[in-house]
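Q: Submitted below is the structure of interest, expressed as structure tokens.
The values are calculated or read from the model by the stated rules, or taken from the named source; none is laboratory data. Quick caveat, the model's predicted, so the values are computed rather than measured. Please note: Cβ atoms are built from the backbone with ideal geometry, for glycine as well, and neighbour counts cover all protein chains shown.
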Amino acid sequence: MEEKNKTKGSISTFLLIIAIIAIIVMGVFIYKLNNDKIAETQKATELQSQVESLNTTVDELQGKIDSFSNTINTINSITSEASAKNSNVSNTNSSESSNTQSNGKNYNSYIGTWGNSDTNNEITIKNVTNNSITFTWFLYRLTGIDDDTTINFSNGKAIFYFEGYDDKNFDSKFTEDEKYMRKATIMLDENGVNVDVEEVKSIDNNYLVLDEPSLVYITPGLYSHSEKE
């Protein structure tokens, strides 16, 4: 009986030791799991902090990129405006230059009123471009061309025609034999502005043809205007 009790005591002791060992192992395992969890949490926190820092850096870089892009756009806009202004100035200068030149010669000095003290004839050059001239023409005691007239201009010359009836019989009746046709050539040369009027038998319709009664009295001849006012 006593031997049986000893056997039971040994078994109980053995089981107790096994239980203590199991508890210790479980405690170590739980401790390790807890430490691993804490380490993972710390790593996650650090990673989150790094991500937030990276996001902040990205935002700062994006802000700098946007600022740089705005600066580039501003510079491009200013450059475009300056280029457009330079282009306009260039075009204006080119236009002004062409407005007073024909075949490479500058006719700006002819713009103005030219007269002749001996005859009181007066011609006013309003404008000269690379292919046209605008003028008015007045003759003493006669009516010339009062309205601004623009005709083709080339190589220092401009041609126009005029026609009408000359009341030679002073009877206010115009007949076919009283009809006249004349050619006028305006010349810009070293002598000033001259108009050469000549009688013709036909009119070249490639040129301007004026039909004004006031031109009846402008007889053929050279009308000199050498004095600029």
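Q: Kindly establish whether Lys126 is at pLDDT 85 or above, exposed (fewer than 15 other Cβ atoms within 10 Å of the Cβ) and in a strand (DSSP E or B).
A: It is true that Lys126 is at pLDDT 85 or above, exposed (fewer than 15 other Cβ atoms within 10 Å of the Cβ) and in a strand (DSSP E or B).
Q: Which one of these is modelled with pLDDT under 70 and in a loop (DSSP other than H, G, I, E, B): Asp167, Asp204?
A: Sole residue among the options that is modelled with pLDDT under 70 and in a loop (DSSP other than H, G, I, E, B): Asp167.
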